[in-house]
Amino acid sequence: MLKKISYMTAGESHGKGLIGIIEGIPAGMNITEEYIEKDLIRRMQGHGRGGRMKIEKDHAEIFSGVRHAITLGSPISLLIKNFDWVNWEDRMAIGEPKKEHRKVTMPRPGHADLAGVMKYGLDDIRNVLERSSARETAMRVAIGAVCRKLLEEVGITVGSRVYQIHNVVDSTAVSNDMSLQELNDTVDASPVRCFDKDAEKKMMDVIDEARNNGDSVGGSFEVIAKGLPYGLGTYINADGKLQARISQAMMSVNAFKGVELGAGFASSAVFGSELHDEILYEHSKITRASNNAGGIEGGMSNAQPIHVKVSMKPISTLIKPLRSIDLNTMEPKLAHKERTDSCAVPAASIIGESMLAIVLADALLEKFGGDSLDQLKKHIKASGKY
Ligand code: EPS
């Protein structure tokens, strides 16, 4: 559904590393590995992460497309090396392994395992789980950081916060006056990326309870973007609608199970007069009395902040596994166990920011175009309406 930007990721969870290529970023934009690394490190945080994040220190090496810290307009390729590779060199060998390795044959409910082996006709679930692992999201975040930089250059910011883990809700509203940098700085300091300290404690407790029981918990987060002009996306056709593009991007992340725009599902339970955001004119500017639409009307940005809520399911690898079968014998067995996280919702919120950044950078380039950042800025200045 992307129109101007295309990207691809490659890599297995315990392979040599992750590779990403992004094409469509204009020439003339400053980007550095340090800038990208900030988001990669943010993705690694959060109460409930498992052992893997103690092994890795995610860093994306820029391999091409950038010279003297400035984009060339050519494809930007990125490489994140897996530090864990040294422990998997033979099990994940590209060539013939030195010894035989036990096959994984007990599919985990909720993971790609069962449908994956059926689809490819495999007898080893490892050949599925390596690519279906959430490890791939590290590269999405690196690619998202390149897009975030483009947005920042034209005054568009992206932030997020966790508002629910399992049954614990932080009902603090995000103040409209708070910049998204301030929002991120505030919640990044929390081990669960929420505002309310009471909720934070309860969220950490429920994560600990899950971990102690060999279980996992999911949750929900909100992603916000500010500084958008009118008219990103379109009402003209189905695949151009901005909310459809955002939903596709969010739902392309393995564990993300639901997306709401603005008031979302709650919209159906109120009167139209209560829901729709009245149009006002204040201080020589068109404003809105509320933002229940979440910044998108008719498939287009309406110059209000975009608010997207996303729910993440509990991770499906369980230390206390669910019932499954051994695909060799069809006998009942417990599902395969791997090292895992008991909760990755704080990390998921950074992935959500990255996915929103990719979609918005794409929609921005679609509307305003430009081979260089300078041209893009001139086009926005000439015709952007805020
Ligand atoms: C992840 C890396 C993975 C998992 C997790 C996310 O590493 P490992 O499998 O070596 O522990 O920690 O992925 C899953 C739980 C999953 O089921 O895919 C990461 O880099 O975020």
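The values are calculated or read from the model by the stated rules, or taken from the named source; none is laboratory data. Nothing here was measured: the structure is a model prediction, and the numbers come from that model. Reconstructed Cβ throughout: ideal geometry from the backbone, glycine too, with neighbour counts over all protein chains shown. Surface areas here come from the heavy atoms of the whole protein model, side chains and all, with no ligands, DNA or RNA. Shrake-Rupley method; radii C 1.70, N 1.55, O 1.52, S 1.80 Å.
In this simple spin-label model, placing a label point 7 Å from the Cα along the Cα-to-Cβ direction at both ALA115 and LYS337 gives a separation of 2.7 nm. Taking a sphere under 13 Å around the Cβ of LYS54 and counting the other residues whose Cβ falls inside, with K and R at +1 and D and E at -1, yields a net charge of 0.
Taking amide hydrogens as placed 1.01 Å from N in the peptide plane, the amide H of GLU297 sits under 5 Å from those of ASN302, each at least 5 positions away in sequence or on another chain.
Where does each of THR9, THR157 land when they are ordered by accessible area, with a 1.4 Å probe and the largest first?
Sorted descending by solvent-accessible area, the residues read THR157, THR9.
For the chain, a Gaussian network of Cα nodes joined below 10 Å ranks GLU200, GLU130, GLU282 by mean-square fluctuation, and the top entry is GLU282.
Placing unit charges on the Cβ atoms of the charged side chains and taking the dipole of the chain about its Cα centre, the candidate lying farthest along the positive direction among GLY272, TRP88, GLY294 is TRP88. In the chain, Cα pairs under 8 Å separated by at least six residues give a relative contact order of 24 percent. Close amide H contacts of ALA27 (hydrogens built in the peptide plane, cut-off under 5 Å, sequence separation of 5 or more or a different chain): GLY73, SER372, LEU373.
Each Lys and Arg adds +1 at its Cβ and each Asp and Glu adds -1 at its Cβ; summed about the Cα centre, region 326-383 shows a dipole of about 280 debye.
For a quick check, take a GNM of the chain with Cα springs below 10 Å and name the residue from ARG49, ARG67, ARG135 with the largest mean-square fluctuation. Sorting by GNM fluctuation, first place goes to ARG67.
Highest GNM mean-square fluctuation among SER354, SER311, SER132, for the chain modelled with Cα contacts below 10 Å: SER132. May I ask you to list the lysines whose Cα is less than 25 Å away from that of LYS98, ignoring any residue fewer than eight positions away on the same chain? The reachable lysines, counting only those whose Cα sits under 25 Å from LYS98, are LYS16, LYS81, LYS337.
Helix content alone sets the calculated 222 nm mean residue ellipticity of the chain: runs of n ≥ 4 DSSP H residues at -39500 (n - 2.57) each, divided across all residues, give -9500 deg cm²/dmol. If I fit a long axis through the Cα atoms of helix 197-212 and take the longest principal axis of the Cα atoms of the chain, what angle between them do I get, 0 to 90°, rounded to 10? The answer is roughly 20 degrees.
Candidates PRO97, ILE246, HIS283 compared by Cα position along the dipole of the chain: farthest toward the positive end lies PRO97, with charges placed on Cβ.
Shape verdict for region 97-225, please, from the Cα gyration tensor: rounded (a/c under 1.5), prolate (a/b greater than b/c) or oblate.
On the way: a/c = 3.09, a/b = 1.59, b/c = 1.94.
It comes out oblate by the Cα gyration axes.
Loop-only check: which chymotrypsin sites (Phe, Trp or Tyr not before Pro) in region 206-268 are DSSP coil with at most 13 other Cβ within 10 angstrom? Don't skip to the end; give the middle numbers.
Working: sites: PHE221, TYR230, TYR235, PHE256, PHE265; in loops: TYR235.
Passing sites in region 206-268 are TYR235.
Axis of helix 373-383 versus longest Cα principal axis of the chain: the two differ by about 40°, to the nearest ten degrees. Please label the shape of region 178-255 as rounded, prolate or oblate, based on the square roots a ≥ b ≥ c of the eigenvalues of the alpha-carbon gyration tensor (a/c under 1.5 means rounded; beyond that, a/b larger than b/c means prolate, else oblate). Oblate, because a/c is 1.5 or more while a/b does not exceed b/c. The alpha carbon gyration tensor of region 197-312 gives principal lengths a ≥ b ≥ c with a/c of 1.5 or higher and a/b greater than b/c, which makes the shape prolate.
If only the Cβ of Lys and Arg carry +1 and only the Cβ of Asp and Glu carry -1, the dipole of the chain around its Cα centre is close to 520 debye.
Straight-line cross-link reach from LYS285 at under 27 Å between alpha-carbon atoms covers these lysines, not counting any fewer than eight positions away in the same chain: LYS226, LYS241, LYS367, LYS377, LYS378, LYS381, LYS385. Summing Lys and Arg as +1 and Asp and Glu as -1 over all other residues whose Cβ lies under 11 Å from the Cβ of MET29 gives a net charge of -1. Computed from backbone phi with θ = phi - 60° and the Karplus coefficients 6.51, -1.76 and 1.60, the 3J(HN,Hα) list for region 358-364 is 4, 5, 6, 4, 5, 5, 5 Hz; x is used for glycine and proline.
Determine the share of region 6-383's accessible area contributed by carbon and sulfur atoms, expressed in whole percent, with a 1.4 angstrom probe.
Values: 9700 of 17990 Å².
For region 6-383, the apolar C and S fraction of the accessible surface comes to 54 percent.
In the chain, the longest principal axis of the Cα atoms and the axis of helix 33-44 are about 60 degrees apart.
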